[in-house]
Amino acid sequence: MFSDINLQQSMIFSCGSGVTACILALAASEAGFMSLSVYDGSWSEWGAKLELPIEV
């Protein structure tokens, strides 16, 4: 999954509730990536805010 990404590249993980995003960030960390973030509000927070953009 991470083979085509530079180890120095920043990555932000998101999912429906934040749990899967944390697992992916942990896997990326174990693979040697350093600049990692998790949007802990994930879709449950973003989708509830009508002023935020949603691509369909």
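The values are calculated or read from the model by the stated rules, or taken from the named source; none is laboratory data. None of the values given here were measured: they were computed from a predicted structure. No Cβ is skipped: glycine too gets one built from the backbone with ideal geometry, and neighbour counts run over all protein chains shown.
Scanning segment 1-32 for residues that are among the small types (Gly, Ala, Ser) and farther than 19 Å from residue 43 by Cβ returns 3, 10, 27, 28, 29, 31, 32. Tallying residues that are free of Cβ contacts under 8 Å to residues at least 24 places away in the same chain and within 17 Å of residue 14 (Cα to Cα) within segment 30-45 yields 3. Checking each residue in segment 1-28 for being of a type outside the set (Phe, Trp, Tyr) and in a strand (DSSP E or B) picks out 11, 12. All conditions but one from (1) surrounded by 13 or more Cβ atoms within 10 Å (Cβ to Cβ); (2) aliphatic (A, V, I, L, M); (3) in a loop (DSSP other than H, G, I, E, B) apply to residue 54; the one that does not is (1). Remark: pairs (first residue in segment 5-18, at pLDDT below 90; second residue exposed (fewer than 11 other Cβ atoms within 10 Å of the Cβ); Cβ separation under 8 Å; 6+ apart in sequence or on different chains) = 7/32. Considering every residue within segment 29-48, establish whether at least one is at pLDDT 90 or above, surrounded by fewer than 13 Cβ atoms within 10 Å (Cβ to Cβ) and assigned to a helix (DSSP H, G or I). Yes, because at least one residue in segment 29-48 is at pLDDT 90 or above, surrounded by fewer than 13 Cβ atoms within 10 Å (Cβ to Cβ) and assigned to a helix (DSSP H, G or I).
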